[in-house]
Amino acid sequence: MLRKTGLYVMLGVIAVFIALHLGFPPEQHGARVTGTTMLGGIAFLLMTFAVILSTRLSVLEDMFGGLDRMYQVHRVAGVFTALTALVHFFGVPKELPVGADSVADPVVNALLPSMPLGMLGLIFLVIGLFMALNRKIRYSRWRPTHKVMGLVYVMIIGHFMTAPAIFFERFSASGLLLVAAAGIGVVALGYSLFGMNKRTAVPFTIEAVNHLERATELVLAPDGAMLDFKPGQFAFVEIQGEGWSEPHPFTLSSAPGEQKLRFTMKVLGDWTRKVREELKTGGKVLVRGPYGRFDATQAGKKQIWLAGGIGLTPFLSKIRAMKQGDARDIHLVYAAREASEAIFLEELKDRASAFGNVTLVPLFSEEGNFARVDMMKQKLPDALDTYDFFMCGPKPMVDGIMGDLKKEGVPRARIHTEAFEFR
Ligand SMILES: Cc1cc2nc3c(=O)[nH]c(=O)nc-3n(C[C@H](O)[C@H](O)[C@H](O)COP(=O)(O)OP(=O)(O)OC[C@H]3O[C@@H](n4cnc5c(N)ncnc54)[C@H](O)[C@@H]3O)c2cc1C
C-alpha cells in the first residue's frame, strides 16, 4: 500500500528548513548567497533522508509502504541531491564578499577544507548519479561502489561545517536544523555501515531445488524456528558457501503456517542461473526478513490481482494462505507469454475452483491477449473505482495499467503495487 506519511515528513522538514532559512537569514547574506546556500541545505537534507532510508527500519516501512518503496524514494532523493548540489555549486559565489566575516582574509580562507571537500563530494555525487542511472552496470558491481556514498555524506558535513560563516552560520535557525540532521544522519549511517540494518538471519536447509519453466523453486526446511511473515512479503536470501555473493531479495511464495519456506526465482542473471545450475539439497541458507507491505487483507472486499510473469509470487503466497469462507471477491489476472511459461497455473485453477470467490483469468500475449483496463471495464460486474487493484509484474505493464486506471478515475489509494527492483 502506498503510504505517504514518509513523503509528507520529508517535504515538511524541507519546508521548515526553507522557512527558517528565508525567515531568519544569517547576517550578511545577500540574495544570491541566501538562495544558493538554501539549495545546498536542501541537497544535504535530501542526502540525509537517503541515508536514513537505508537503515531499513520497520517503522520507516510503515511510513513509506514497504522496503521496495523506501529504496525508490532513496533513489529519487539521491538523484535530486546531486542535481540540487550542482545548482548550489554553480550558483554560490566562489569569493568571499568584501567586508564579510573574520575569515575574509584570502589566505585563511584558502586553508579552510570547505571548498575541496565540497568539490570532491560533488564529483562523487555526480559519478554516483551516473552509476545509479546506468542500468548497464551490474547490480553486483554497483552495490559495493555505492557504499562510498557514506564517505561522501561525511565529506559534505565537513564541507558546510568548515564553511565561512557568510555561507553557513551554525547558530542560525536553519543552521541548527542542518546540524541536527547531520547528527541523525551520522547515527543512521553507522547503523547501516556496521550491518545493524539487517534483520535477524533465520537458518534453513535446502530440501529441494525444483526446475520450473524459466524459473527455479527453492524449498527450504527450517533448522530451528520458522520465519514469521505475511503473504506478499519478501526476504533476503543468503546462500552459505564459497562463491555465493551478496543476499538477493525474493518474495516468499509459500503461505505462512506451511512447514517449508518456498521461493520461486526467475532465471535472470548470474546469481539466479547459479541457483538453478549449482544449488544442491542439504546446503545451508540464511533468510533475512520479512520485509514489504504488499498486504491485500486490509483492503476492500472487491479486489483485482494483476500478476505479470514472475510477478505471480506474492499472489501465490496470498492464494496459498487463503481459507475457505474468505469474504473477498477476487479476480486474479495472470499475464504470461504463453501457457507453458505460466508456472503453477494448474494449482491456481484448482485453488480458484475450490474457493469459489476467486476468478482466475489467464492471459497469454502469444495469443494476443494482454492485461488491459478497457477489457476489465467491459467484463467486471461493477465500476472500476469500486475495486482495489494489486499489481506485480514488469514495470512497463504496471506503469501502463496504473496510468489507464487513473484515467478511469480509480483513486491512487486503491492501486497497490510491488516493485521487483530497488535500484
Ligand atoms: C522486493 C523484491 C521481491 C522480489 N521477488 C522476486 C521473486 O519472487 N521472484 C523472482 O524471480 N525475482 C524476484 N525479485 C527480483 C530478484 O531479486 C532479481 O531478479 C535477482 O536478484 C536477480 O539476480 P541475478 O544476479 O540473477 O540477475 P542480475 O541480472 O544480476 O540482476 C537483475 C536485476 O535484479 C536486481 N538485483 C540483482 N541483484 C540484486 C540484489 N542483490 N539485491 C537487490 N536487487 C538485485 C537488480 O535490479 C538487477 O538489475 C524481487 C526483487 C525485489 C526487490
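The values are calculated or read from the model by the stated rules, or taken from the named source; none is laboratory data. Everything numeric in this text was worked out from a predicted model, so none of it was measured. Here Cβ is always computed from backbone atoms with ideal geometry, including for glycine, and neighbour counts include all displayed protein chains.
Residues in the range 393-421 that are within 16 Å of the ligand (Cβ to nearest atom) and in a loop (DSSP other than H, G, I, E, B): how many? Of the residues in that region, 5 qualify. Considering the conditions (1) over 20 Å from V87 (Cβ atoms); (2) touching a Gly at 6+ places or on another chain (Cβ under 9 Å); (3) within 16 Å of the ligand (Cβ to nearest atom), N134 is excluded by exactly one of them, (2).
Checking the stated criteria, F229 turns out not to satisfy the condition of being within 28 Å of P116 (Cβ to Cβ), surrounded by 15 or more Cβ atoms within 10 Å (Cβ to Cβ), in contact (Cβ under 8 Å) with a residue 40 or more places away in the chain and touching a Gly at 6+ places or on another chain (Cβ under 8 Å).
With the structure loaded, tell me whether R75 is within 15 Å of the ligand (Cβ to nearest atom), assigned by TED's automatic domain parsing to the domain that holds M131 and outside any helix (DSSP H, G or I) or whether it fails that test.
Against the criterion (within 15 Å of the ligand (Cβ to nearest atom), assigned by TED's automatic domain parsing to the domain that holds M131 and outside any helix (DSSP H, G or I)), R75 does not qualify.
Close Cβ contacts (under 7 Å, 6 or more residues apart or on different chains) running from residues in the range 58-69 that are closer than 8 Å to R293 by Cβ to residues that are among the basic types (K, R) and surrounded by fewer than 19 Cβ atoms within 10 Å (Cβ to Cβ) comprise D62/R3; G65/R3. Of all the listed residues (Y291, Y334), the sole one being more than 12 Å from the ligand (Cβ to nearest atom) and under 25 Å from the mean Cα position of the chain (by Cα) is Y334. Looking only at residues in the range 57-72 that are part of a loop (DSSP other than H, G, I, E, B) and more than 11 Å from the ligand (Cβ to nearest atom), the one that is modelled with the highest pLDDT is L57. Residue pairs whose Cβ atoms lie under 9 Å apart, sitting 6 or more positions apart in sequence or on different chains, and linking a residue in the range 345-357 that is surrounded by fewer than 12 Cβ atoms within 10 Å (Cβ to Cβ) to a partner that is at pLDDT 90 or above, are S353/L360.
Quick grid of which residues meet (1) assigned to a helix (DSSP H, G or I); (2) touching a Leu at 6+ places or on another chain (Cβ under 7 Å):
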{"site": "I330", "(1), (2)": "no, no"}
{"site": "S353", "(1), (2)": "yes, no"}
{"site": "M391", "(1), (2)": "no, yes"}
{"site": "R423", "(1), (2)": "no, no"}
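Whenever a residue of the range 369-389 is among the β-branched types (V, I, T), its partners that are in a strand (DSSP E or B) and surrounded by 14 or more Cβ atoms within 10 Å (Cβ to Cβ), lying with C-beta atoms within less than 7 angstrom and at least six residues away or across chains, give the pairs T386/K302. Only one entry in L268, L218 is assigned to a loop (DSSP other than H, G, I, E, B) and either within 14 Å of the ligand (Cβ to nearest atom) or without any contact (Cβ under 8 Å) to a residue 24 or more places away in the chain (or both), namely L268. Of the residues making up the range 271-290, those that are in a loop (DSSP other than H, G, I, E, B) and more than 21 Å from I343 (Cβ to Cβ) are K280, G282, G283.
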